[in-house]
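Rule-based calculations on the coordinates, nothing more; no lab input. Because the structure is a prediction, the values reported are computed rather than measured. Backbone-built Cβ (ideal geometry, glycine too); neighbour counts: all protein chains shown.
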Amino acid sequence: MPLILRPWVRLTFEVGAVIVALALTGVFIWVLRGAHDWALQSGQPIFGDYIAFWSAGSAALDGNVAGVHDRAVTFAYHKEAIPDVRFHAPWNSPPTFLLIVTPFALLPFPVSAVLFLVLTAGFYFAVARKILPDARALLLAATMPAAFYHLATVQIGLLIAAITGLALYWLDKRPRAAGALVGLLAIKPHLAVLWPLLLALTGRWRAFFAAAASAIAFVLLAGLVFGFDSYQRFFESLERSAQLISAQRITTPAYASLYGNLLQWRTPQPIAIGAHALSAALALAVAAWTFWRARASHEIGAHAAALCAATLLLSPYLFFYDGILLGVGAALMGAPRTRYELVAMVFAWSAGLTLTIGYFIMPVPLCPLASWLLLIAAWLRAGNRVPRPDAAAA
């Protein structure tokens, strides 16, 4: 028998989501105390990581693309935007993403940050409305902690989630358009690595070739605009990016990978990377198996959940805002068919709480746990181990 959710279960979850959002709002207000001239007391900018986007875009507009990965260059733009800033946000992204953020640097920093947040949030909610069962469910999309944190940090998670969600939603309806969207994930390549596997194993070749063409065109365009040597500098910067996690250089517990969480527990690095590698290898195998098992039925819910969950289990370079992908996968699975699926979806929604729990209590590997729960739920559904509601009705 398929699981039938009673109205009070949904209401309880919604009330809990609102309570969490209100608590996070209280945390934001507390952090904002004593803020002055767009800087917090700690010296960090009010719009958090977005200052890296604005600074890199400003350097590009000034013709200094070669300096976007240089700490001295980007920090000078930090100071231009916020004279009291004492926090450096490095630019760790490829030229493809620089192509996106550079036009925003034409605006003053606070205006640019708000516009970027409004546009990416608008895209996120537009996609959420397509994939969620009703408008009421948008409450859960709005209060999902990983998404809610964007009010403070103005990161890229909403944009990645929207692109991924719309590509999955269109995958069988508009495969070429879906593939074109997948190509845009070249702004965060490590969050797109499973797409070729999904498309190939499920025989979605129109989307596969559209994604390849889109990604190639995007990479070439960025290279023509900024120079192809900008890719060399990006690859050279990856070692410094990795050190953000390996040397625990982020001041708040923002890490979302198993590797990052284990290091927060002061686990020796060889053990932490070994455990992460084992988890990633298993996740890759389970995801591939899920794609293969569901290929005949093209069970988009299983494909979406497996893609999103396994993506977050592969990369050691992961932060709390990347956890929105779990919400996308859970939403595309549709209504839970078993109690286990319900539990997995609740964990998927709450994965971003790692930041708050880690800051006030202790670091908890909530995102890896939630990812594994959702990946297993996708594997079970792909194997038809739970009956479809329409089959049960028949």
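Dipole orientation for the chain: of the candidates LEU22, ALA309, PHE226, ALA309 has the Cα lying most toward the positive pole (charges on Cβ; Lys, Arg +1; Asp, Glu -1). Using bins of 5 Å that start at zero, the share of Cα-Cα pairs per bin across segment 1-142 amounts to 2, 9, 14, 15, 15, 12, 11, 8, 6, 4, 2, 1, 0, in whole %. Amide H to amide H, with H built 1.01 Å from N, PHE319 comes under 5 Å of ALA256, counting only residues 5 or more places away or on other chains. Phi-derived couplings, Karplus 6.51 cos²θ - 1.76 cosθ + 1.60 at θ = phi - 60°, listed residue by residue for segment 54-62: 5, 5, 5, x, 5, 4, 5, 5, 7 Hz, with x used for Gly and Pro. Computed from backbone phi with θ = phi - 60° and the Karplus coefficients 6.51, -1.76 and 1.60, the 3J(HN,Hα) list for segment 333-340 is 5, x, 4, x, 9, 9, 5, 4 Hz; x is used for glycine and proline.
Normalised by 2.2 N^0.38 Å, with N the number of residues, the alpha-carbon radius of gyration of the chain equals 0.97. I need the calculated FRET efficiency for the pair ALA335 and ARG249, taking r as the beta carbon distance and R₀ as 45 Å, to the nearest 0.05. Here the calculated transfer efficiency is 0.60.
How large is the charge dipole for segment 210-293, taken about the Cα centre, if only the Cβ atoms of Lys, Arg (+1) and Asp, Glu (-1) carry charge, to the nearest 20 debye? Intermediate results must be reported in sequence, preceding the final value.
Values: 5 positive and 3 negative charges, 50 e Å.
Magnitude of the dipole: close to 240 debye.
Relative contact order for segment 7-393: what is it in percent, counting Cα pairs under 8 Å that are at least 6 residues apart?
It comes to 16 percent, rounded to a whole number.
Projecting the Cα atoms of ALA272, LEU244, LEU284 onto the dipole axis of segment 187-319, where Lys and Arg carry +1 and Asp and Glu carry -1 at the beta carbon, places LEU284 farthest toward the positive end. Put the Cα centre of segment 142-214 next to the Cα centre of segment 220-242 and the gap is 21 Å. Along the chain, the longest continuous region that contains none of the trypsin sites (Lys or Arg not before Pro) in a DSSP loop with at most 11 other C-beta atoms within 10 Å is 34-172.
At an R0 of 56 angstrom, the distance between the Cβ atoms of VAL225 and ARG6 translates into a FRET efficiency of 0.55. Where only DSSP H runs of four or more residues are counted, the chain gives -21000 deg cm²/dmol as its mean residue ellipticity at 222 nm, each run worth -39500 (n - 2.57).
Backbone geometry of segment 255-260 corresponds, through the Karplus equation with coefficients 6.51, -1.76 and 1.60 at θ = phi - 60°, to 3J(HN,Hα) couplings of 6, 10, 8, 4, 4, x Hz, x marking Gly and Pro.
Stretching the chain fully between LEU278 and LYS130 yields a gain of 49.7 nm (0.36 nm per residue, less the alpha carbon separation). The dipole here belongs to segment 125-198: it is taken about the Cα centre, uses +1 on the Cβ of Lys and Arg and -1 on the Cβ of Asp and Glu, and is about 180 debye. Compared with the dominant principal axis of the Cα atoms in the chain, helix 109-131 is inclined by about 10°.
Projecting the Cα atoms of ALA167, VAL114, ALA81 onto the charge dipole of segment 56-181, computed from C-beta unit charges around the Cα centre, puts ALA167 farthest toward the positive end. Rounded to the nearest 20 debye, the dipole magnitude of the chain is 1120 debye, with +1 charges on Lys and Arg beta carbons, -1 on Asp and Glu beta carbons, and the Cα centre as origin. Rounded to the nearest 10 degrees, the angle from helix 366-382 to the longest Cα principal axis of the chain is 30 degrees. Compared with the dominant Cα axis of the chain, that is its longest principal axis, helix 157-170 is turned about 40°. Under a Gaussian network description of the chain, with springs only between Cα atoms under 10 Å, the residue in VAL154, VAL225, VAL182 that fluctuates furthest is VAL225. Under the criterion of Cα pairs below 8 Å and six or more residues apart, the relative contact order for segment 261-315 equals 40 percent.
Contact order, relative form, for segment 127-259: 17 percent (alpha carbon pairs under 8 Å, 6 or more residues apart, mean separation divided by residue count).
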